[in-house]
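I have placed the structure first, in the form of structure tokens, so that the comments after it can refer back to it.
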Amino acid sequence: MMEGVLFYILATVLVFFSILTVVARNPVRSALYLISALLSVAGLFFLQEAEFVGAVQVLVYVGGIMVLFLFVIMLVSVREVVFQRKAGRQWKAGVVLALVMAAELVYFLINGVGIFQSTPPETGIIVAPETQNTETLGRVLYGTYLLPFEIASILLLVAIIGAVVLSKKEI
Amino acid sequence: MVETTHYLILSTIVFTIGVVGVLTRRNVIVVLMCIELMLNSVNLNLVAFSDRFQNVVGQVFTVFVITVAAAEAAVGLGIVIALFRNKETVNVDEIDLMKW
């Protein structure tokens, strides 16, 4: 009961701030609304007992990526970005395309809803109820998924080098 | 216990809002932010299924998605800065160098 109420509160906040992110004229406000939306996503992670992912969401997204976004918004002149038109000529076509995609997603949801009512399959790494979420996640991440984990770290290294090279003066 | 379907519907709504933002906004930085919104709706799906099947692999993939999102934001914003330095604009309508 409590979980349901919390879910609906967080879901409403998430949808509300997502819409504000898209419609806000000022990119700084857009970024602040997005931070609120990301925090409510983190709340939804906590609600589903995914504590580690929720903490990573707050630390990496809100503490890292969004600060980077705000930094760049401040670097490119604020006056230039504030006073431009909100949407271009093709915004109607964009909304229509997005609605078509939404209709497809809803179609698949309606057709696939029976799958989620069935009992879960007995495969994969099952979480033992008494172990901690972070411990289980760490064991799987450094055990079965060690190679993807290392590849992800190489990806981050490439991204660091790429960002440094791109931001150099003469390019 | 909230049903998985509710999370899927919420994720669909947020993803659609993100797509609308990517297709209609003209500011490169806001477009990148809307991509982050879409990535987050996918994360919501992954964690919902992880909770539904009591299987932690969904959360592992969420960690990978967050990693890719961080890399994408770093490189994307680097490109935006290089672009602004060369063309003095962040409007996607004016960045049509590769349009024939």
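Among the residues of the stretch B:59-80, write down those that are facing chain A (nearest Cβ under 8 Å) and among the small types (Gly, Ala, Ser).
Matches in the stretch B:59-80: B:ALA69, B:ALA70, B:ALA71, B:ALA73, B:ALA74, B:GLY78.
Within the stretch A:62-91, which residues are at pLDDT 65 or above and within 7 Å of chain B (Cβ to nearest Cβ)?
Correct list: A:GLY64, A:ILE65, A:LEU68, A:PHE69, A:VAL72, A:ILE73, A:LEU75, A:VAL76, A:TRP91.
Where the second residue is of a type outside the set (Phe, Trp, Tyr) and in a helix (DSSP H, G or I) and the first is in contact (Cβ under 8 Å) with a residue 24 or more places away in the chain and farther than 18 Å from A:ALA37 by Cα and lies in the stretch B:36-63, which pairs have Cβ atoms under 7 Å and are six or more apart or on separate chains?
Correct list of pairs: B:PHE49/B:THR4; B:PHE49/B:GLY58; B:ARG52/B:THR4.
Scan A:LEU14, A:LEU39, A:LEU59 and give me the residue that is without any contact (Cβ under 8 Å) to a residue 40 or more places away in the chain and surrounded by 23 or more Cβ atoms within 10 Å (Cβ to Cβ). Break it down into steps so the answer makes sense when it comes.
Numbers: A:LEU39 fails: surrounded by 23 or more Cβ atoms within 10 Å (Cβ to Cβ); A:LEU59 fails: surrounded by 23 or more Cβ atoms within 10 Å (Cβ to Cβ).
Going through A:LEU14, A:LEU39, A:LEU59 in turn, just one is without any contact (Cβ under 8 Å) to a residue 40 or more places away in the chain and surrounded by 23 or more Cβ atoms within 10 Å (Cβ to Cβ): A:LEU14.
Test A:SER18 against the criterion of being under 29 Å from B:ASN27 (Cα atoms), more than 7 Å from chain B (Cβ to nearest Cβ) and under 15 Å from the mean Cα position of the chain (by Cα), and give yes or no. Give the steps one after another, and end with the answer.
Numbers: under 29 Å from B:ASN27 (Cα atoms): yes; more than 7 Å from chain B (Cβ to nearest Cβ): no; under 15 Å from the mean Cα position of the chain (by Cα): yes.
Answer is no for this residue.
Got a sec? Which of B:VAL56, B:VAL19, B:VAL47 is within 7 Å of chain A (Cβ to nearest Cβ), farther than 16 Å from A:ALA31 by Cα, at pLDDT below 90 and crowded, with 20+ Cβ neighbours inside 10 Å? Spell out the reasoning first.
Numbers: B:VAL19 fails: at pLDDT below 90; B:VAL47 fails: at pLDDT below 90.
The conditions single out B:VAL56.
Taking the stretch B:59-91 as the region of interest, how many residues are within 17 Å of the chain's Cα centre (by Cα), closer than 22 Å to A:GLN90 by Cβ and surrounded by fewer than 18 Cβ atoms within 10 Å (Cβ to Cβ)?
The qualifying residues number 0.
The values are calculated or read from the model by the stated rules, or taken from the named source; none is laboratory data. Fair warning: this is a prediction, and the values are worked out from it, not measured in the lab. FYI the Cβ positions are ideal-geometry reconstructions off the backbone, even for glycines, and counts take in every protein chain you see.
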